[in-house]
Amino acid sequence: MFLKVIVFQLIKLLLINNKLSKMSKRYEYLILKLSQIVDDNTYRNRDDINIDSLVRQIRQDGQLVPVIVEPARQSGYRLICGFRRTEALRHMHRSEIEAKVMYNLTREQAYHIAISENMERGTLTPWDIVNTALKLREQESYTNAQIAKVFGGVSIRTIQRYLRVAEKSSEEYKRALKQSDLTIQQVYEALKHNIPASEMLSRGRSVRYLRELSRLRGLPEYGEGTKLTCIGGPDGAIEVKLTYRPGEQRVNMMIKSLRLLLHDLELPDQ
């Protein structure tokens, strides 16, 4: 009986020591059973689910990059990075996976790791980025400042643009972002000026074009009855319409302003 008590106390001490050891560790590299990876997409931020090329690469070279996980609440491990690698290994009926196990992460830290790893590797599409920002606000109730921190300290203004693009994009714009046919900034500027996706895609509007068009549209009226109207014309041109009453004294000032803007745009002064 005495011996059983001693054995029990030793086991208890070992378990406590193991727990304290893990609490003091930041991370460690382990070979895990694939069955230990729990089904949890909390930190998934990529829309791409095609694993064919990755399966071929792993068959040829093996798993080159460990996945990143954290201990799950009950048992097993929750993925932070490496969802496609995990799916590829499961598709290949492998039993083990190389993993970097991170300990004592806050939710924000885990999200930051998930996003920064994919952004550094250039694997996120523009849609993945803006949709992740929207997910953090809607599912995690993060403020814009918290989302900015998760994205590595980008400005709050940048996050506001991400959220606007995610919320206001039409299906055509979403598709263009998923295929990286347009950038986040291009779509943001186009939404601001109510330019349809078909026009952006067919004519290749640049961000600079959209900004200069905004400046032209924003020119003030010079006196009663005088007005400058600027709209996007065919083949990337800007159509300018000047209306004024005969004898208007300040028309020359408007024409001078227009010429300065045309010079900035590097367009022919016609």
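Values for this structure:
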{"item": "Among residues of region 98-151, those that are in the same structural domain as Arg44 (by TED's automatic domain parsing), within 12 Å of the chain's Cα centre (by Cα) and among the basic types (Lys, Arg), counted", "result": "0"}
{"item": "Among the candidates Ile58, Ile113, Ile129, Ile68, residue that is at negative phi and free of Cβ contacts under 8 Å to residues at least 40 places away in the same chain", "result": "Ile58"}
{"item": "When residues of region 152-172 are limited to those that are among the polar types (S, T, N, Q) and not in a helix (DSSP H, G or I), the one farthest from the chain's Cα centre (by Cα)", "result": "Ser170"}
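The values are calculated or read from the model by the stated rules, or taken from the named source; none is laboratory data. Source: prediction; values computed, not measured. Note that we place each Cβ from the backbone using ideal geometry, even for glycine, and neighbour counts take in every protein chain shown.
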